[in-house]
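The values are calculated or read from the model by the stated rules, or taken from the named source; none is laboratory data. None of the values given here were measured: they were computed from a predicted structure. We place every Cβ from the backbone using ideal geometry, glycine too, and count neighbours over all the protein chains shown.
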Amino acid sequence: MACFAGLSMGFSSLAVADELSDIQQQWAKCQYDTLNKDNKVKCLNQVIVRNEQALRQAPTRADLKVWLAINQSSLAGVKGGLSALPLVKKAKSLLEDVIHTDPNVLDGSAYTSLGTLYYQVPGWPIGFGDDDKAEALLKKALAINPNGIDPNYFYGDFLAQNGRRDDAIHYLKKASQAKPRPGRKLADTGRQLEIRQKLKELQ
């Protein structure tokens, strides 16, 4: 019985790992291959449902929590306005939980994602936006993953939005030199296009 239980847990673990990869791939298709707003909302809602199902099967998986927060944040970005606030608050709570329990998971992606929320969400009294917190979190993400495409891109974007042009260009160029991530071709291609667009605006 113990032997079978161990095998069952192993298969379950592999299934969740595969599910995470599928969630990442589906997010990339929603984000970069789906242009119509209504279709993008539908796509992201579907991946959120799938992400929630995977998390129910493995409720302690920090990587699934990070990705649920990413999906919720992405949907909030598409929807915009006041209707986005409940989504970003849910994402914030998930990311804070991950930072408390497993801050280094996915190369510190929780710091990157939470830092991004802090500079993209409006400040008080509408939202919780805070540029000082955003910068501190993004710097923590870079300390964990100094050459990563996402922490460099989002810190560069944050700097650009705050008028720090030269520093922004530095981090965006560093993001453009990031190594491709295994199994993340569409996401990397889409991000590199965003990087080139940002650099074009700044130069």
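From the list Leu85, Leu64, the lone residue that is closer than 16 Å to Tyr118 by Cα, touching a residue at least 40 places away in the same chain (Cβ under 8 Å) and not basic (Lys, Arg) is Leu85. Looking only at residues of the range 101-146 that are within 16 Å of the chain's Cα centre (by Cα) and polar (S, T, N, Q), we find that the one that is nearest to Ile70 (Cα to Cα) is Ser113. Scanning the range 42-90 for residues that are touching a helix residue (DSSP H, G or I) at 6+ places or on another chain (Cβ under 6 Å) and polar (S, T, N, Q) yields a count of 5. Scan the range 149-171 for residues that are under 19 Å from Tyr32 (Cα atoms) and either assigned to a loop (DSSP other than H, G, I, E, B) or among the aliphatic types (A, V, I, L, M) (or both) and jot them down. Within the range 149-171, Ile149 is the sole residue that qualifies.
Checked against (1) in a helix (DSSP H, G or I); (2) of a type in the set (A, V, I, L, M); (3) over 18 Å from Pro122 (Cα atoms), Leu35 meets all criteria but (1). Going by the structure shown, is Phe128 surrounded by fewer than 24 Cβ atoms within 10 Å (Cβ to Cβ), among the aromatic types (Phe, Trp, Tyr), in contact (Cβ under 8 Å) with a residue 24 or more places away in the chain and within 26 Å of Gly80 (Cβ to Cβ)? When the stated conditions are applied, Phe128 passes them. Whenever a residue of the range 35-59 is within 16 Å of Ser73 (Cβ to Cβ) and modelled with pLDDT under 95, it has no partner that is among the aliphatic types (A, V, I, L, M) and crowded, with 17+ Cβ neighbours inside 10 Å lying with C-beta atoms less than 8 angstrom away and at least six residues away or across chains. Among the residues of the range 169-180, just one is of a type outside the set (Ser, Thr, Tyr) and either at pLDDT below 95 or under 15 Å from Gly115 (Cβ atoms) (or both), namely Ala175. For the range 177-195, which positions are surrounded by 12 or more Cβ atoms within 10 Å (Cβ to Cβ) and of a type in the set (D, E, K, R)? Selection gives Arg181, Arg184, Lys185, Asp188, Arg191, Glu194. Restricting Pro146, Pro122 to those that are over 22 Å from Arg181 (Cβ atoms) and outside any helix (DSSP H, G or I) reduces the list to Pro122.
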